[in-house]
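Participant: The structure is given below, and queries will be raised subsequently.
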Amino acid sequence: MKKKFKVEELDCACCAEKMEKLIKEIPGVNDASISFMTQKLTIDADDSRLDEIMDEAQKVCAKVESACKIII
């Protein structure tokens, strides 16, 4: 299922690209994209594991930019 989430405290396009790449590697994620301009994450993932996937995505974002948050 494809869903969109707001991303806060995303400070650079390079970091958004790194986050996108790492989120795509999370098991259960079919596709993901982060737009630095709109500050949005679009993720296509296994709906039955979405909560777990989003927790992992939040950890990935925090590793790249410590203040970055995905608003779920």
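The values are calculated or read from the model by the stated rules, or taken from the named source; none is laboratory data. As the structure is a computational prediction, the values presented were derived from the model and not from experiment. Note: ideal-geometry Cβ built from the backbone for every residue, glycine included; neighbour counts use all protein chains shown.
Participant: For residues that are surrounded by fewer than 18 Cβ atoms within 10 Å (Cβ to Cβ) and not aliphatic (A, V, I, L, M), scanning just segment 57-71, find the one that is farthest from the chain's Cα centre (by Cα).
Facilitator: S66
Participant: Which of the residues belonging to segment 1-52 are touching a residue at least 40 places away in the same chain (Cβ under 8 Å) and hydroxyl-bearing (S, T, Y)?
Facilitator: Passing the criteria: only T42.
Rundown of residues vs (1) at pLDDT 95 or above; (2) surrounded by 13 or more Cβ atoms within 10 Å (Cβ to Cβ); (3) within 11 Å of the chain's Cα centre (by Cα), yes/no style:
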{"residue": "K3", "(1), (2), (3)": "yes, yes, yes"}
{"residue": "C12", "(1), (2), (3)": "no, no, no"}
{"residue": "K18", "(1), (2), (3)": "yes, yes, yes"}
{"residue": "I23", "(1), (2), (3)": "yes, yes, yes"}
{"residue": "I26", "(1), (2), (3)": "yes, yes, yes"}
{"residue": "D31", "(1), (2), (3)": "yes, no, yes"}
{"residue": "T42", "(1), (2), (3)": "yes, yes, yes"}
{"residue": "D47", "(1), (2), (3)": "no, no, no"}
{"residue": "E52", "(1), (2), (3)": "yes, yes, no"}
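Participant: Identify all residues within segment 26-41 that are touching a strand residue (DSSP E or B) at 6+ places or on another chain (Cβ under 6 Å) and under 16 Å from C68 (Cβ atoms); write none if there are none.
Facilitator: Of everything in segment 26-41, those that are touching a strand residue (DSSP E or B) at 6+ places or on another chain (Cβ under 6 Å) and under 16 Å from C68 (Cβ atoms) turn out to be A32, S33, I34, Q39, K40, L41.
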